[in-house]
1. Would you mention how many residues in the range A:1-34 are in a loop (DSSP other than H, G, I, E, B) and of a type outside the set (S, T, N, Q)?
2. Restricted to the range A:624-653, and to residues that are under 16 Å from A:Y597 (Cα atoms) and assigned to a loop (DSSP other than H, G, I, E, B), which residue is nearest to the other protein chains (Cβ to nearest Cβ)?
3. Please enumerate the residues belonging to the range A:237-259 that are within 28 Å of A:V168 (Cα to Cα) and either acidic (D, E) or out of contact with any helix residue (DSSP H, G or I) (no Cβ under 9 Å at 6 or more places or on another chain) (or both).
4. Restricting to the range A:355-390, count the residues that are surrounded by 20 or more Cβ atoms within 10 Å (Cβ to Cβ), touching a strand residue (DSSP E or B) at 6+ places or on another chain (Cβ under 6 Å) and farther than 14 Å from A:K420 by Cβ.
5. Given the condition in contact with a Gly (Cβ under 8 Å, 6 or more places away or on another chain) and in contact (Cβ under 8 Å) with a residue 60 or more places away in the chain, answer yes or no: does some residue in the range B:225-242 qualify?
6. Which condition number in (1) farther than 19 Å from A:I654 by Cα; (2) touching a residue at least 40 places away in the same chain (Cβ under 8 Å); (3) in contact with a Leu (Cβ under 8 Å, 6 or more places away or on another chain); (4) not charged (D, E, K, R) is the one that A:I97 fails?
7. Determine if the range B:188-202 includes at least one residue that is more than 12 Å from chain A (Cβ to nearest Cβ) and in a loop (DSSP other than H, G, I, E, B).
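Since every read-out is calculated from the coordinates, none of them should be taken as a lab result. Since we're looking at a predicted model, the values are computed, not measured. All Cβ positions, even for glycine, are placed from backbone atoms using ideal geometry, and neighbour counts span all protein chains on display.
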Amino acid sequence: MARVGVFVCFCGANIADYVDVPQVVEEVKRIKEVKFATEYKYMCSDPGQGMIRDAIIQYKLTSIVVAACSPRMHEKTFRKALSDAGMNPYLLEVANIREHSSWVHQKDKKAATNKAMDLCRMAVAKSIANEQLHEISVPVTKRALVIGGGIAGIQAALDIADARIPVVLVEKSPSIGGKMAQLDETFPTLDCAQCILTPKMVDVASHPYIELIPYAEVLELQGFVGNYKVKIKKKASYVNFKTCTGCGACWQKCPVKVPNEYNMGIDKRKAIYTPFPQAVPNKPVIDAENCTMLTKGKCGICKKVCLPGAIDYEMQDEIIEREIGAVVVATGYDMWDPTPYEEYGVGRFKDIITSLEFERMVSANGPTNGVPQRPSDGKVPKNVVFIKCVGSRDEAKGIEYCSKICCMYTTKHTILLHHKVHDSHAYVFYMDIRAAGKGYEEFVKKAQVDTGTTYLRGRVSKIYKKGDKLMVRGEDAQIGQVVEVEADLVVLATAVSAPKDNPELARLLGISYDKYGYLSEAHPKLRPVETAKAGIFLAGCTQAPKDIPETVSQASACAAKVCGLFSGDTMKKDPMVSTINNEYCSGCQNCVKVCPYGAIITDEVPVGHGIKDLRTVAKINEGVCQGCGSCVAICRSMAITLAGFTDPQIINEIVSI
Amino acid sequence: MNYTKQIQDIAAKLFAEGKIDVFVGYRMNGFDENQVPVLITDPQDVSKLVFTDKSVFNLVNYLKTDHTRRKRVGIVVKGCDSRSLNLMLTESQVKRENLYVVGICCEGVVDDAGEKMQNCTDCMVPDAVVSDEMLGTAVSGSGTLTYKKNADIVALAEKPLTERAAYFEEVFENCIRCNACRHSCPLCYCAKCCIDQETATLYNGANTTSAAFHALMTWSLHLAGRCVDCRNCEKACPSHLPLHLLHKQNESVIYENFQEHLAGVIPEDRGAFYKYSLKDPDDFIM
């Protein structure tokens, strides 16, 4: 007969404030299989685990129920406690009385207590039917995929490759570098972004353990942690990178001009182009949408002038397949489009620009050679108004969250403006100055003193045109008055938003994303770089707005996680996998169709009963099976059993309440 | 509708050419006007074969017996029967290359009293959808006819919940759990039915109303999106339970919610429960 021990946790006040824990303990003691039940403030702590270990030995327990937080949080912790006491770790059952009871029923303590008791009864009933299970070993493919070649992807790829683990780095655009390559100088030390980034870009290209696939997208990811298969679409570049020398004759002669994305459309690039002079790989690609040869079949100049003969108008998209063991997602961010701010005249007044456009203007390799100019008449602006929180912290027109980096980059912009135009004056409309970070507050204070910038606390209500100037009307909340500032140029500190392709990518990878489109981490505090899907990690702004130091830290953290995952030749896997009872299987193959992991194949077995013939049955690859239970639910013959979630266990649970 | 001659000729020809080992058809039952299924293995017996509007049974059910498995079979199918055959093929229960299918453009069959059967008046797919050879002239619009919600479930839905519950309680009480419904259904082919398994405690062996209820509900859910409304089960039921109510209710819910899905009409279509589409409704998820 089963001997169950029940351990109910207070979780500090998290559970105890809303659930009457002693009452729960008294209630479970009434179940006849329960031989021991107790409570403790923090069951996950060492003394708490000690209570479990001691009770297992003292009361000869055959299964354990811990009523505490979500099993996602501490199931592993408690399984280890069981192992330490010499018990099979899978005889543990966790009743989640925190997320499922105390946290969601904070207004009704009695109901929360009753629910906690039900959950405990269910867990006890299930644990009675628990069986000893043993971990499964599966081989690991030691190769990582990094999606996105911005600073996050670059850092992750370099750190992983430095540990001698092969990396496949996939970048959507023709060059790696991402948003950081568009920046001029970086806060709070004003290092030149190019100076600190481009050496890393070169390292990526030359690293023996990194396979760089630029101008490509991930199409499909199949498999499971340690054994993924990825399909990558390498877009046709129409230039053979192997023969191209990067001489530049093609783009110098190309007659087609289109707005230059790298310079935020301030100047023009050609239809065959390298995004910027320091691009890696420094090879041009043809923009198929605008090239007249590819759209209308007329021109062909680049092919004529290309001496190595690298241009190939017939080139097709190529599908590349790689076997990988882990994925780092580093798809970065998009700048938020400020069009909804109609009262600012966005789109109507040429001299209102976004922060990234300003960044390109003051950048040494920018379209105006580092001197800011008014887009309307090309004059150098004297009075520049910076408006912060355009889109951020604005539930009505933009997004609720703080974009985190705008306060700092606007401060940097005032310094850059002061450096480039000595007799200029900057005005900053702000809500708060958020400068939490090493050296950040000092940077802001110093900038305010050095540049003499006028900081006005308040929102701008309207911008209108007066002559060739812009009149910025806003509130100065500190003096409680409406102020008007005459500006030559207005710079909007637009919000950081999630890449618009993120939801699609998340579906493709099988991970979750939040309402803004940012990819979700497994736990906000304790597992900030992992996703809920094992073997997929997040780096940089694809998770939430971040500055460069934080992004780099997270990228390195991802690398550490990947290296940890690849530290052995095999990987241990939970034994919660399905098995098929051949006797009951009728071979309808519905399970094959519903399995999201492709873990079920068909097999031929003898018919038996003296008949010399074979019949088809389903067969499960336990290395691939993730224990989702779809096959169990779909099987009409009830021929499939999921270890740890068998029918007797589930029926026991149902019957117990 | 009388294809007796044609079917006899086809069967004789198939035997003569050595294409089949057994032919599944209908014969007169010998004591009244009604017919019963027959499995012909001797070419001498083909003259026993008949086909009229009294050929009510779904012969596809006989493809799961040991007399037909692993053999080359000739079979006669009406519209509804052919849909169940389609599902048997999709679910890998029979091999198409072992079959010679005589499809009928069905004008509807009649019950004991000579009235056209209810499933035939509601039928959307009278013509066989799987066949090697078709008999009769195609019924116009087969497969594109408008869906008619079953009159019995419409009438039942109008009654208050308590009355409906009382009705079903009374009905299930008459179930003797002989499992004739299961044996007569071509799509109930499991090696061991889940209802009979040792762990299936919900349907415990005792013949109680509750056990019968669970067993019949499970059975109807296993046929949801698969039932082709051939009514073999109802014909087989010795207690005359109105089993079509369960299936037609499922069918109408699935037809209305899952892109007008009808079981077995399209080859390789496993049905609403076994595939996912972005168009699937999700408003019932909390």
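1. Let us first name the residues in the range A:1-34 that are in a loop (DSSP other than H, G, I, E, B), namely A:1-3, A:10-20, A:30-33.
Restricting the remaining residues to those that are of a type outside the set (S, T, N, Q) gives A:1-3, A:10-13, A:15-20, A:30-33.
Total meeting the criteria: 17.
2. Checking each candidate, the answer is A:C628.
3. Restricting attention to the range A:237-259, the residues satisfying the condition of being within 28 Å of A:V168 (Cα to Cα) are A:237-248.
A:S237, A:N240, A:F241, A:K242, A:T243, A:T245, A:G246, A:C247, A:G248 - these are the residues of the range A:237-259 that are within 28 Å of A:V168 (Cα to Cα) and either acidic (D, E) or out of contact with any helix residue (DSSP H, G or I) (no Cβ under 9 Å at 6 or more places or on another chain) (or both).
4. Looking only at that region, the number is 6.
5. Just the residues of the range B:225-242 that are in contact with a Gly (Cβ under 8 Å, 6 or more places away or on another chain), to begin with: B:225-226, B:228.
Add one more test, that the residue is in contact (Cβ under 8 Å) with a residue 60 or more places away in the chain, and what stays is B:226, B:228.
Checked the range B:225-242: at least one residue is in contact with a Gly (Cβ under 8 Å, 6 or more places away or on another chain) and in contact (Cβ under 8 Å) with a residue 60 or more places away in the chain.
6. A:I97 satisfies every listed condition except (1).
7. Here is the first cut: in the range B:188-202, the ones more than 12 Å from chain A (Cβ to nearest Cβ) are none.
Scanning the range B:188-202, I find no residue that is more than 12 Å from chain A (Cβ to nearest Cβ) and in a loop (DSSP other than H, G, I, E, B), so the answer is no.
Results for (1) among the hydrophobic types (A, V, I, L, M, F, W, C); (2) away from chain A (no Cβ under 14 Å); (3) under 20 Å from B:H183 (Cα atoms); (4) free of Cβ contacts under 8 Å to residues at least 12 places away in the same chain, shown as yes or no for each residue.
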site: B:A12; (1), (2), (3), (4): yes, yes, no, no
site: B:I20; (1), (2), (3), (4): yes, yes, no, no
site: B:V24; (1), (2), (3), (4): yes, yes, yes, no
site: B:P37; (1), (2), (3), (4): no, yes, yes, no
site: B:T41; (1), (2), (3), (4): no, yes, no, no
site: B:D53; (1), (2), (3), (4): no, yes, no, no
site: B:Y62; (1), (2), (3), (4): no, yes, yes, no
site: B:H67; (1), (2), (3), (4): no, no, yes, no
site: B:C80; (1), (2), (3), (4): yes, yes, yes, no
